[in-house]
Each structure stands twice: as C-alpha cells, then as structure tokens.
There are 2 protein chains.
Amino acid sequence: MTRDQLFEQIKTKGSYLCVGLDTDIRKVPKHLLGEEDPVFEFNKRIIDATKDYAVAYKPNTAFYEAMGSQGWESLRKTLEYIPKDIFTIADAKRGDIGNTSGLYARAFFDNMDFDSVTVAPYMGSDSVKPFLDFEGKWVILLALTSNQGSHDFQRCELKETEEELYERVMKTSMEWASPEQLMFVVGATRADALRKVRSVAPDNFLLVPGVGAQGGSLEEVSANGMNDKCGLLVNSSRGIIYASQGEDFAEVAREKAKELRDEMAVYLERYLG
Amino acid sequence: MTRDQLFEQIKTKGSYLCVGLDTDIRKVPKHLLGEEDPVFEFNKRIIDATKDYAVAYKPNTAFYEAMGSQGWESLRKTLEYIPKDIFTIADAKRGDIGNTSGLYARAFFDNMDFDSVTVAPYMGSDSVKPFLDFEGKWVILLALTSNQGSHDFQRCELKETEEELYERVMKTSMEWASPEQLMFVVGATRADALRKVRSVAPDNFLLVPGVGAQGGSLEEVSANGMNDKCGLLVNSSRGIIYASQGEDFAEVAREKAKELRDEMAVYLERYLG
C-alpha cells in the first residue's frame with residue numbers, strides 16, 4: 001500500500017485508527033472457547049465490528065507466539081481475513097544481522113502478506129535494510145516508545161551532536177528509506193516530544209501507541225503530530241478489544257472504535273482543513 | 001542451568017562451543033527433503049554428531065519463523081531433542097513493553113523450555129525484566145554486535161559519561177540482574193573492544209558470534225575474553241552445519257566441531273590453568 005492510498009483511506013473513513021489485535025486466549029470471552037480456533041474467531045468478530053472505523057490492524061506477534069504453532073496458524077488466518085484495503089502491521093519488533101533480517105522479512109512479507117513490520121533499530125543499517133528490499137512494503141522503526149524503560153537508552157544525549165539517541169535513530173534511518181517506506185513508532189505521552197519528532201521527520205507517518213489504556217490524549221497527539229497527509233496512525237488495543245469481555249464484546253468494540261473515529265474526524269477537519 | 005553447571009560442562013568437555021542451528025530449508029541436503037520434517041531431521045543428525053563437543057545449541061528463530069507454523073513445530077521438536085545437560089539459547093532478539101515481553105518469555109521459557117533468550121535492549125528496563133522473572137532462566141542481552149550496522153548506534157558516544165551506548169547498555173542492565181542470569185552478545189571482531197567489555201563485566205558470560213564464517217579469531221577472543229569461569233560461549237553456525245552439503249554433512253559437522261573443541265581445550269588449559 002502506498003502513502004497516498006493510506007491517506008485516501010483515512011479521508012474516506014474520517015479515521016486514522018489502528019486496532020491492535022493483542023488477542024490473549026486468557027481474555028477471550030468464554031462463549032468462544034468451544035470454537036476450534038477461539039483466537040481467530042475472536043479476531044474475526046472484532047474485525048467485522050470495527051472495519052468501518054479502522055484504517056489499520058496491528059496484531060502483536062508475541063500474543064500468537066505464546067501459543068506456539070497453533071498461534072501462528074491463528075495469526076495467518078487473521079491476516080487473511082482482514083479486508084485488503086486496510087493497512088496491516090506485524091508488530092514484531094524484529095531486527096538481526098542482514099541474512100537473518102532477510103528471513104524475518106520473508107516470514108512477514110512473503111509467507112504472510114503484511115504491509116509492514118515494526119523493527120528494532122539497535123543493530124543498525126544491515127538489520128533494517130532487508131525489510132526495505134520488499135517493494136511496496138513498510139518498515140515501522142522503533143524511535144521513541146511510550147514505556148518507562150524508554151528513558152534508559154532512547155533519551156540518552158549523544159556527545160557529538162547533542163541530540164538524543166531516538167533522534168539519531170530517526171535521522172540515520174531516513175537516509176535508508178523515503179517516507180514512502182518508513183514510519184516511526186512514537187509514544188504519545190508527551191506533546192513536546194511529539195513536536196520534536198515531527199520537526200525531525202515532517203513527512204513520515206508515525207505509529208502512535210499509548211492512546212487509551214496507555215493513557216495519551218488523542219487531541220494532543222493530533223494537534224502536535226498531524227501533517228498534510230495526516231501522518232498519524234493512532235493505535236488502541238485493550239481499550240477496544242477488551243472493552244467488554246461478555247457476549248457483547250464485538251458490539252462494544254464497535255462502539256469504542258466509532259467513538260475514536262468520531263473524535264478523529266473532528267481533528268482531521270480541524271487540522272487538514 | 002546455573003553458571004556453575006555451565007562451567008562444569010565446559011571443563012568436562014574441554015569446550016565452550018555453541019552450535020548455531022540456523023537451519024535453512026534451502027540448504028538442507030537433498031537426501032533429507034523426502035522426510036516428513038526435513039529441518040528437524042537435519043537438526044537431529046547435527047545434534048547427534050556434535051553433542052560431544054558442544055556445550056550449547058542456539059537455534060535462530062528467524063529460520064523457523066520463515067516456515068510459518070510448520071517451522072515452529074520443527075523448533076519445538078529440535079529443542080526437545082537436545083540433551084538436557086546442554087545449554088539452549090533461543091536466538092530471538094525480542095523486546096517489547098512489559099506485558100508483551102512477558103508473553104515472549106512465556107513462549108520461550110514456559111511453552112518451550114529454553115534456558116535463555118537473546119533480547120534487544122532498545123526499549124529499556126521493562127522490556128527486559130519480564131524475562132528475568134523466570135528463575136533459572138537467562139537473558140542474553142545484545143551489547144556490541146559484530147555486524148557493520150553496529151557502528152550506527154551501539155558505538156555512539158554519550159555526552160554525560162563519554163562512554164559508548166553499548167557500555168551504557170551493559171552497565172544499566174547489570175543493575176537489573178546478576179551474572180547468574182545475564183549474559184551479553186559481544187561480536188568477536190576486535191580485541192580491544194572485547195577487553196573493554198570484559199573490564200565492564202568481569203563476571204558475565206559473553207556469547208560471541210562471529211567466529212568462523214563471520215571471521216573472528218578464536219585465539220584472540222579467548223585471550224581477551226576469558227574469565228576464571230571461562231565466561232565465553234563461542235558460536236559457529238554455517239562453519240559447522242553447512243561445512244558439507246552432501247550426504248556426509250553430519251560427519252563433516254562433527255569434524256569441524258571437534259577441531260574447534262580441540263583448539264578451545266588448548267585455551268582452557270592456557271588461560272584457566
């Protein structure tokens with residue numbers, strides 16, 4: 001999917017919502033546990049319920065790996081079920097030496113047909129570039145995450161340039177790929193950081209976790225992060241998929257997704273004009 | 001497995017060899033391709049052939065993920081086949097926010113019974129600590145890798161302390177865990193870097209890739225990296241498992257492993273006394 005196609009979808013739906021399919025078998029409503037593949041059945045109903053309001057789906061691979069080979073089957077089936085015009089993100093945070101990253105890329109882009117993979121930058125250029133060899137596919141690189149531990153290393157100030165590590169990660173990786181193939185993960189907890197990120201990368205899409213259960217403000221994220229092609233994918237996982245854990249989970253998920261979409265439509269109107 | 005148990009095994013075998021089970025279906029000898037699970041059959045024969053000389057096995061998960069749910073089955077069967085007294089490493093380079101890292105830990109320590117997982121440090125403390133909650137299990141944290149891209153970020157000098165990022169990663173993580181649970185991945189390409197690493201972490205085991213196909217010198221690594229409990233696991237993957245791609249692959253793998261063991265026995269004698 002191209003950046004323009006993603007932007008078109010955002011305008012059509014009035015939404016930049018990404019739904020995180022962090023499906024934990026321990027939280028799947030009881031009435032689904034008799035199904036052959038309860039995780040897939042859960043995802044299927046969540047997708048049916050939210051696809052009018054979501055422009056992206058993001059399964060976190062950890063939830064599927066925790067169930068072994070059966071989990072990988074659930075992931076594969078889930079990906080196939082997502083409508084083809086919706087952007088898909090394998091939230092895998094992979095990264096290894098060149099030939100090995102190449103295999104991860106094959107796993108997510110060839111064997112499965114994800115549009116993008118989240119990648120960890122610590123090992124540098126040759127750990128990221130193999131993902132960029134797949135035309136039309138995206139790398140979403142960890143830059144500034146929203147967790148407590150982000151302060152340990154990402155915020156370290158570098159001697160040479162007095163920039164923080166996450167800025168160096170962004171600037172260096174922007175030499176490897178254009179905004180047509182490179183997005184960044186940016187935690188939503190602080191407005192000043194988001195403004196800084198936007199000044200470093202004016203054109204790149206940002207994947208923003210940390211709205212909803214993780215507590216960021218959608219209004220602040222939108223005011224400080226939006227660019228002229230929207231440039232934002234804002235994720236909500238638990239706040240949508242576990243809003244109810246009863247038989248009405250899909251219906252409630254739809255309501256929660258619609259609430260976020262309605263708020264997003266206002267910001268799109270306000271900041272894109 | 002405890003550090004002392006690992007050291008005992010090293011002394012008994014006269015070896016600190018880790019065999020990397022980076023098994024690529026495209027490189028499995030033709031005569032095995034008719035088997036129901038050629039990757040497992042290949043690993044089984046490699047393990048039988050090398051277990052007298054190896055103290056650790058390290059499957060890189062990328063090679064198994066590239067084959068989808070079938071690959072995870074091959075990985076699970078391979079792990080079960082490895083003799084219980086040999087140290088096992090899931091070379092997965094995972095790392096995510098706390099609850100998600102917890103799921104990865106469950107995948108590798110609970111569902112499968114690996115002794116250790118390689119972890120990427122970029123997201124900081126809460127991405128690493130969930131792996132440490134498993135008693136008797138190990139984190140092997142990426143510190144200084146041997147690939148070209150390691151210069152992009154790992155070698156960046158920090159303003160406050162004038163240390164490089166990888167040193168900060170080591171020092172900070174050493175506050176989270178003792179040398180009974182924490183090892184570091186350290187590329188073997190430069191002796192001065194290895195001496196520096198050893199001065200920062202005198203007691204921690206180091207997992208050293210980059211000997212063999214990646215080109216480091218075993219003698220130099222041993223001279224600069226060994227401590228009084230050996231403190232080294234030196235990995236060879238392609239140099240052993242693909243030394244021959246004919247019907248004699250297991251036999252040749254055994255010879256290559258024995259060669260490395262024989263050289264290691266000399267260094268153990270020389271540096272441990």
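Values quoted throughout were computed directly from the atomic coordinates according to the rules given, and no laboratory measurement underlies them. All figures in this text were calculated on a predicted structure; none of them were measured in a lab. Note that each Cβ is placed from the backbone with ideal geometry, even for glycine, and that neighbours are counted across all protein chains shown.
Results, tabulated for the structure shown:
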read-out: Dipole magnitude of the protein assembly as shown about its Cα centre (Cβ charges: Lys, Arg +1; Asp, Glu -1), debye to nearest 20; value: 200 debye
read-out: Separation in nanometres of the label points that stand 7 Å from Cα toward Cβ, at residue B:269 and residue A:270; value: 7.6 nm
read-out: Dimensionless Rg ratio for chain A, taking C-alpha atoms and the 2.2 N^0.38 Å reference; value: 0.97
read-out: Restricting the stretch A:132-231 to GluC sites (Glu not before Pro) in coil, as DSSP defines it, with at most 10 other Cβ within 10 Å; value: A:135, A:160, A:162, A:175
read-out: Label-point gap, in nm, between residue A:217 and residue B:217 - each point 7 angstrom along Cα→Cβ; value: 6.1 nm
read-out: DSSP-defined beta bridges in chain A - what % are antiparallel, rounded to 5; value: 5 percent
read-out: Residue A:161/residue B:33 FRET efficiency (R0 56 Å; Cβ-Cβ; nearest 0.05); value: 0.60
read-out: Two-site FRET efficiency, residue A:26 against residue A:195, from Cβ-Cβ distance with R₀ of 25 Å, rounded to 0.05; value: 0.05
read-out: DSSP beta bridge pairing in the stretch B:102-248, given as percent antiparallel to the nearest 5; value: 10 percent
read-out: Table column - 3J(HN,Hα) (Hz), the stretch A:28-44, Karplus curve with 6.51, -1.76, 1.60, x for Gly and Pro; value: 5, x, 4, 5, 9, 5, x, 5, 4, 10, x, 5, 5, 4, 4, 4, 4
read-out: Efficiency of FRET between residue B:5 and residue A:245 - r from beta-carbon atoms, R0 56 angstrom, step 0.05; value: 0.80
read-out: Spacing of the two label points (7 Å from each Cα toward its C-beta) at residue A:178 and residue B:110, in nm; value: 4.6 nm
read-out: The stretch B:162-179 - phi-based ³J(HN,Hα) in whole Hz, Karplus 6.51/-1.76/1.60, Gly and Pro as x; value: 6, 9, 7, 3, 5, 5, 4, 4, 5, 4, 5, 5, 5, 7, 8, 7, 7, x
read-out: Relative contact order (%) - the stretch A:137-245, alpha-carbon pairs under 8 angstrom, separation at least six; value: 24 percent
read-out: Student exercise, the stretch B:3-272 dipole from Lys, Arg, Asp, Glu Cβ charges, in Debye to nearest 20; value: 200 debye
read-out: Cα pair distances of the protein assembly as shown binned at 20 Å [whole percent]; value: 22, 54, 22, 1
read-out: Cα-based reach from residue B:196 at 24 Å (exclusive), listing lysines while leaving out same-chain residues under 8 positions away; value: A:159, B:93, B:159, B:171, B:229
read-out: For residues of A:88-97, the mean tally of beta carbons on other chains within 10 Å; value: 6
read-out: Sequence-distant residues sharing a close amide H with residue B:187 (under 5 Å, placed H); value: B:144, B:145, B:146
read-out: Part-to-part distance (alpha-carbon centres) for the stretch B:5-53 and the stretch A:128-177, which is given in Å; value: 36 Å
read-out: Cut-off under 5 Å, modelled amide H: who pairs with residue A:95 long-range; value: A:120
read-out: Karplus-derived HN-Hα couplings along the stretch B:50-60 (A = 6.51, B = -1.76, C = 1.60, θ = phi - 60°), whole Hz, x at Gly and Pro; value: 10, 5, 6, 10, 9, 9, 8, 10, 9, x, 8
read-out: Antiparallel %, DSSP beta bridges [both residues in the protein assembly as shown], to 5; value: 10 percent
read-out: Label geometry 7 Å along the beta-carbon vector: residue B:175 inter-copy distances in nm; value: 3.2
read-out: Qualifying aspartates and glutamates (Cα of each under 18 Å from Cα of residue A:30; at least 8 residues distant if same chain); value: A:22, A:41, A:247, A:248, A:251
read-out: In the stretch A:1-82, GluC sites (Glu not before Pro) in a DSSP loop with at most 16 other beta-carbon atoms within 10 Å; value: A:35, A:36
read-out: Other-chain or far-sequence residues with amide H under 5 Å of residue A:116's (modelled H); value: A:88, A:90, A:138
read-out: Spin-label proximity, residue A:52 to the stretch A:1-43 - amide N less than 18 Å from point 7 Å beyond Cα toward beta carbon; value: A:9-19
